[in-house]
Amino acid sequence: MRLSLLLIGLLTVLAPAQADEIVSGSTFLSPELHRQQDDPTRNPAWFWVDQGRDLFAAKPSGGGQACLDCHADPATSLRGAATHYPQVDPSSGKLLNLEGRIEQCRVERQQQPAFGYETAEMLSLTAYIASLSRGLPMSVRTDGPAQPFFEAGKAFYERRQGQLNLSCKQCHDGLVGQKLRGDTISHGVGTGYPAYRLEWNTVGSLHRRLRACSLGVRATQFDYGSPEYLALELYLAGRAKGLPVETPAMRR
Ligand code: HEC
Ligand code: HEC
């Protein structure tokens, strides 16, 4: 209730902002949290990156090839990979994000049981591989086979939903820079995920963040890796084109 009253207040007081230049969520962190994020000795998310690096090099328990056996010199061979996800998998025609691609290698190429979304293993490997693209500009494809997914994501982003009847766009375009429950509303691009969130006390995926926003407006929370959130992720990545990958970020 308090949230909805606050929002109605915000939405009626403010004239709709013009779509201004899109910037990273880090821009809106408090100076102290920003410093902590940028200091690898104080940003706990680097622990997940280190675990991911170890896991990448380890043989699966039942034997077989390590990720590293096929992906030699990952700092070079996988640098930039994260900037191209989500992307359409040519063999299945499905939209895959980085988590989906890793799971595909795990199951089809390592012949191991799936890690599962939001497991420590998946978060560590995703954080590690995304960290190899730090500083490189997001450059997903939104045309060709990706276009229908991008359009679906855009429609989701612009649709009012939940008991509060708010779209993503109303907050992440219309109310950027405004305070909401101690947060400063950003453009919602998500270029720092997986990220360490103080509220979670751990690292979480972008889809976990999306579930939190869905809950915030009392709308349906879709599953981790659901087609709805994948399409939304592609739209966000398309909006973020040119912004650098910042994984692993810290957030409130
Ligand atoms: C048996 C060999 C093999 C193993 C083991 C393997 N992969 Fe792969 N991986 C591949 C091949 C082949 C591709 C497709 C390369 C391409 O698309 O050009 C690929 C693609 C990828 C990509 C996408 C790269 C890009 O530029 O889009 C990622 C990320 C990845 N693998 C991560 C992993 C991880 C993490 C593991 C361990 C859990 C792993 N792979 C295990 C062979 C392997
Ligand atoms: C009531 C306003 C509101 C709505 C509606 C909303 N969000 Fe958010 N969202 C927030 C707040 C507040 C945060 C935390 C501060 C920030 O980074 O913007 C946040 C964070 C995010 C982030 C993380 C940004 C980062 O860099 O850490 C993403 C991505 C995001 N939202 C996407 C969405 C999407 C997609 C939707 C629609 C399904 C949505 N949000 C709906 C308020 C909202």
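The values are calculated or read from the model by the stated rules, or taken from the named source; none is laboratory data. In this text the structure is predicted, and so the values were computed from the model without any measurement. Using ideal geometry, Cβ is built from the backbone for each residue, glycine included, and neighbour counts are taken over all protein chains shown. Ligands, DNA and RNA are excluded from the accessible area calculation, which covers all protein heavy atoms including side chains. Shrake-Rupley method; radii C 1.70, N 1.55, O 1.52, S 1.80 Å.
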Would you pick out the residues in the range 156-210 that are open to solvent by less than 50 Å² (accessible area, probe 1.4 Å), more than 10 Å from ligand 2 (Cβ to nearest atom) and among the aliphatic types (A, V, I, L, M)?
-> Val203
Within the range 109-127, residues being more than 8 Å from ligand 1 (Cβ to nearest atom) and open to solvent by less than 30 Å² (accessible area, probe 1.4 Å) number 6
Could you list all residues from the range 128-155 that are surrounded by 21 or more Cβ atoms within 10 Å (Cβ to Cβ) and small (Gly, Ala, Ser)?
-> Ala130, Ser131, Ser133, Gly153
Residue that is farthest from ligand 1 (Cβ to nearest atom) [pool: residues in the range 212-229 that are open to solvent by 20 Å² or more (accessible area, probe 1.4 Å) and under 21 Å from Ala82 (Cβ atoms)] | Pro227
Assess whether Leu232 counts as being farther than 23 Å from Leu33 by Cα and surrounded by 16 or more Cβ atoms within 10 Å (Cβ to Cβ).
-> yes
